[in-house]
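Data block below; observations after.
What follows draws every value from the coordinates through simple rules; no lab data is involved. A quick note: this is a predicted structure, and the numbers were derived from the prediction, not measured. So basically every Cβ, Gly included, is an ideal-geometry build from the backbone, and we count neighbours across all protein chains shown.
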Amino acid sequence: MAISKFKTIITVAKKELTDHMRDKRTTLLVLLLSIAMGPAILMGLGYFMSSIEQKFEKKEVFVQGETNSPALVNFMQRQDMTIKQPKPDFRALIKEGKHDAVLVIPENFSQKLVEGDAKVELVYDDTRQDTGNAAISVLRGVMRGFNQEVAAQRLTARGVSSAILRPVEVENTNLGTAAQRAAALLFIIPWITLIGCVTGCTSMAVDLGAGERERGSLEPLLMTPIAREALVLGKALAVSLYAFGIAILTLLGFALTLKFGNLPNIGGVISLSLQQYVVFFAMLATFAPAMALVQILLSTYGRTFKEGQTYAAYAIQVIALLPVVALLGQFKDATWQLFVPVLAQLMVITRILRGESVEVMHYLIPAAINITIFVVCVVIIGRLLKQEKIIFGRA
Amino acid sequence: MIAVKNLHKSFKVADKTVTAVDDVSFIAPSSAITGLLGPNGAGKTTSIRMIGSLVEIGGGSVTIDDIDVAKNPDAAREKCGILTDARGLYTRLTARENIRYYAELRGIESVKSEATIARFVEWLDMKDIMDRRSEGFSQGERMKVAIIRALVHEPSTVILDEPTNGLDVMTTRALRSLIQRLKAEGRTVMFSSHIMQEVAALCDSIIIIAKGRITAEGTTDALLQMSGKDNLEDAFVALAGIDDEQHNMKAA
C-alpha cells in the first residue's frame, strides 16, 4: 500500500495546526500581538512625528523681556512666530527637562544694539534629548536671521552691498519630498513587523523540531512508512500557514489603523494602495515561512524544547540586529541588499511606505532567496531525520 | 515471522567503538510469543530498532514475513507494529485523535481503522479515556494509547519493548491478555521484559541476550534444564552471565 506523499503532507499539516491551535493561550497571544502591532507602531510613530512637527511648525518661542527689543520681536513676528512668556522658574524647569529653551533679552538691549554691544542669553540644557532640541534650533535660527538682517541694513546704510556678508551664496534645494522627510522613521514599521512574524512562529517551529523528540513522539512517527520529506513538508506547510496568518493579521492591523485610525501625521505620509498591500504581503509571505523553517532546522539540533528555543532565540537576535547594522552603515537602497533576507524586506517595504517605485526584481529576488532557504531547510531536516544521533538525541 | 541472521551493530562513542549487537541470529515464528530477555544495555532495544529499520543494520540481515528490512524498509514498516520506550503522545490531542493520526499517516481508510480502534479499545478497556485530551494521562493510560497507535494498521508482526514497565497490576493484566489475543490472531509477537514471571507465563520461547550476544534460547523448561536452576530468575542470572563456559550455550 503506497501512501501518497501529498496525503501525508496534508495529514501532518492538519494535525500540527489542530495541535498548535489548541494551545489557546499562546495562539491568542500571538494573534492578538500580530493585529495590535500595526496600531501600536503607527500610533507611536504618529505621536512622535507630530510632536516634532508641532515644535517646528508652530514656531513657538519662549522669550523673556520681549518689551526690551521691539525690533527683535518685530523680526520674530514677521517670521510667523508666536512669542510666549516663559514660566517664572524656567531655569529650574529647563534643567528638569520640563521647559523648552528660552531667549532672555536684557533691559538695555535696544540701546546696546545701537552701540554695537548687544547680548541676548539663550537658556537651554542640551543634555536633555527628550525636550527642547527643536526649540533651541528655532531660537538659534531666529538670532542668525536677525543678525544678518541688522548687519545687512547697516551695510546698506553705508552704501555697501549686503552680499559682502555672503561670499558664497548657498541655495537650498532639498530633493526629499515632505513625505520622504517624515518617512525617515518609517523603517521602524518593517523592522518591527519582520521581528513579529519571526517570533510569532517560534513556539510552533520549536515544537515541530525539538519538541517532537523531547515528547518521545518522533521515534514512533519515524517507524511509520511515511517519507521523511513528506513529514517535513507537512510540518513546513503547517508553520507556513500559521506564518501567513500572522502576516495577514499584521497587515490587517496596519490597514485598519491607516483607514480608520485618525492619524493625520501618518495619513499624510503613508497611503497604501491595494497593489502596495499585495507587495507588502508578498514580502512577508515568503519571508515568514523561510524563517520558520530556519527555526525548525535549528531546533532539530536541540535535545529539548528549551535548547531548541535557545537556538531559535539567537536566530531572532540576528534578524533583529541586521536592520540596526543597515541603519548604522547608512546603506542606501542597493541591489545587493535584495539578496540578504531581512535587509531585502526592510528595503522594499520601506520603499512601499515611502511611496517610491518598486520594481519586479525588488520582490522576485527576495522571494527566490526565501524559497531557496525554505527548500534547503526541508532537505536538510529530511536528511537529519534519518540520522540516529538526531532521532535519539545526541549522547 | 521475524528472521534475524548474524545481526551486528556498533557505535562510535568518544573515539571508541562499542559493539551493541554482535552476531545475533534467531527466528520469531508466527502465532507465537517470543520473549527477549536481557540485562540493561544488553542490546535488546538496538536489535528492536534495527528490526523496525529505525537504526541502520550494521551487518547481517533481518526479514519480516520474507521482506528484507534493509532493502525494503517501508514494506517492512507496514508489516510491523513496534512499541519502543519512546511513547510520547500529543498532549493537546485526545487519545482517539492520537491514534487516528497514525491511521491516516499509514493511509488506512477510516472505516477500517475505526473498527480496529474499537476492537482494541474493548480489549484494553479504555472507552472512558478515548475522547479525553491525553494531557495528564497516567502512565498506564499513555501506554494503552501508544500500543493501539502501534497496532492501528493491524500488523502481522508486533514487537513490544518492555511494555509493562511502570504499569499497575490491572494495566499489566490487560496488556498480557492483549498479547495472548494477538498471538491467537496468528501474529508474530515479540516482547522484551525484565519481569521473569511475565516472560515465563507468556512466552513460547525465550531468547536471552547479554552484552550484545545471544547466550541462550529455548522454552522456559529448556532454559531451566540448561541452567540446572528451578526458577527462571536464577536461570536467567546464570545464563545471562558472561563467563566463557556459558557464552555460547544454546538449547537444543
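Points worth noting:
- To the nearest ten degrees, helix A:228-260 and the longest principal axis of the Cα atoms of chain A are 30 degrees apart.
- Using only side-chain charges placed at the Cβ, +1 for Lys and Arg and -1 for Asp and Glu, the dipole size of segment B:2-247 relative to its Cα centre rounds to 740 debye.
- Taking every alpha-carbon pair under 8 Å whose residues sit at least 6 apart, chain A reaches a relative contact order of 22 percent.
- Note on A:L252/A:K98: beta-carbon distance plugged into 1/(1 + (r/R0)^6) with R0 of 45 Å gives a FRET efficiency of 0.70.
- Less than 5 angstrom separates the built amide H of B:G58 from those of B:H8, all sequence-distant by 5 or more or on a different chain.
- Between the listed residues B:V199, A:A36, B:T63, the Cα displaced farthest toward the positive end of the dipole of the protein assembly as shown, a dipole computed from Cβ unit charges relative to the Cα centre, is found at A:A36.
- Spin-label model, B:R176/B:S25: points 7 Å from Cα along the beta carbon direction are separated by 3.4 nm.
- Taking a straight line from the alpha carbon of A:K15, these aspartates and glutamates sit under 15 Å away, with near neighbours fewer than eight places off in the same chain left out: A:D23, A:D207, A:E212, B:E97, B:E104.
- Zone of A:I10's modelled label, taken as backbone nitrogen in segment B:97-141 under 19 Å from a point 7 Å along Cα→Cβ: B:100-114
- Rounded to the nearest 10 degrees, the inclination of helix A:133-157 to the longest alpha-carbon principal axis of chain A is 30 degrees.
- Mean separation of Cα contacts under 8 Å, 6 or more apart, over the residue count of chain B: relative contact order %: 25
- Helices meeting the span-like rule in chain B (full DSSP H runs, Cα extent of at least 30 Å along the helix axis, mean Kyte-Doolittle score of 0.5 or higher) are absent.
- Restriction of the GluC sites (Glu not before Pro) in segment B:155-248 to DSSP coil positions whose beta-carbon has at most 14 other beta-carbons within 10 angstrom yields B:E185.
- Estimated inter-spin distance, A:L32 and A:R228, nm [label 7 Å along Cα→Cβ]: 4.1
- Eligible lysines near B:K5 by straight Cα distance, threshold 29 Å, same-chain separation 8 or greater: A:K386, A:K389, B:K16, B:K44, B:K71, B:K79, B:K183, B:K211, B:K250
- The angle between the Cα long axis of helix A:360-384 and the longest principal axis of the Cα atoms of chain A comes to about 40 degrees, rounded to the nearest 10.
- Computed 3J(HN,Hα) for segment A:86-100, one whole-Hz value per residue from the Karplus formula 6.51 cos²θ - 1.76 cosθ + 1.60 where θ = phi - 60°, is x, 6, x, 9, 5, 4, 5, 5, 5, 4, 7, x, 9, 9, 6, glycine and proline marked x.
- Remark on B:A20: its backbone amide H falls under 5 Å from those of B:K9, B:S10, B:F11, a criterion applied only to residues 5 or more positions apart or on other chains, H modelled at 1.01 Å from N.
- Computed from the Cβ-Cβ distance with R0 of 45 Å, the FRET efficiency linking B:A201 to B:K5 stands at 0.95.
- Taking GluC sites (Glu not before Pro) in DSSP loop conformation with at most 16 other Cβ atoms inside 10 Å as exposed sites, chain A has its longest uninterrupted site-free stretch at A:172-355.
- Cα gyration tensor, segment B:200-242 - rounded (a/c under 1.5), prolate or oblate: oblate
- Cβ-derived FRET efficiency at R0 56 Å, A:E60 paired with A:T18, nearest 0.05: 0.40
- ³J(HN,Hα), Karplus 6.51/-1.76/1.60, whole Hz, each residue of segment A:115-124, x for Gly, Pro: 6, x, 9, 7, 9, 10, 10, 9, 9, 7
- Summarising the overall dimensions of segment A:59-170 from its C-alpha atoms, the Rg and Dmax are 15.4, 49 angstrom.
- Loop-located trypsin sites (Lys or Arg not before Pro) in segment A:317-373 (DSSP state other than H, G, I, E, B) with a sparse environment of at most 12 neighbouring Cβ atoms within 10 Å: A:K332.
- Placing unit charges on each Cβ (+1 for Lys and Arg, -1 for Asp and Glu) gives the protein assembly as shown a dipole about its Cα centre, and among A:A367, B:L175, B:S138 the Cα reaching farthest toward its positive end belongs to A:A367.
- Contour excess over end-to-end distance, with Cα ends at A:I316 and A:K389 and 0.36 nm allotted per residue: 23.7 nm
- For B:G38, the amide hydrogen comes within under 5 Å of the amide hydrogens of B:S193, B:I209, counting only partners 5 or more places away or on other chains and with H modelled in the peptide plane.
- Lys/Arg +1, Asp/Glu -1 at C-beta; the protein assembly as shown dipole; positive extreme among B:S53, A:I9, B:W123: A:I9
- Relative contact order of segment A:59-170: 25 percent, from C-alpha pairs under 8 Å at least 6 residues apart in sequence.
- Remark: chain A carries a charge dipole of roughly 1020 debye about the Cα centre, counting +1 on each Lys and Arg Cβ and -1 on each Asp and Glu Cβ.
- 19 Å reach of a label modelled at A:V340, 7 Å along Cα-to-Cβ, counting backbone N of segment A:288-303: A:288, A:291
- Rounded to whole Å, sorted largest first: equivalent-ellipsoid semi-axes of segment B:97-252, Cα gyration tensor: 35, 16, 13
- Fluctuation leader among A:G302, A:G216, A:G196 - chain A, Gaussian network, Cα springs under 10 angstrom: A:G216
- Mean ellipticity per residue at 222 nm, deg cm²/dmol - from DSSP H runs of n ≥ 4 across chain B, formula -39500 (n - 2.57): -11500 deg cm²/dmol
- Ellipticity estimate at 222 nm from DSSP helix runs (n ≥ 4, -39,500 (n - 2.57)) divided over chain A, nearest 500: -22000 deg cm²/dmol
- With all projection directions averaged, the alpha carbon convex hull of the protein assembly as shown covers 41.5 nm².
- Local electrostatic count at B:R132 - Lys and Arg +1, Asp and Glu -1, tallied over other residues with Cβ under 10 Å: -2
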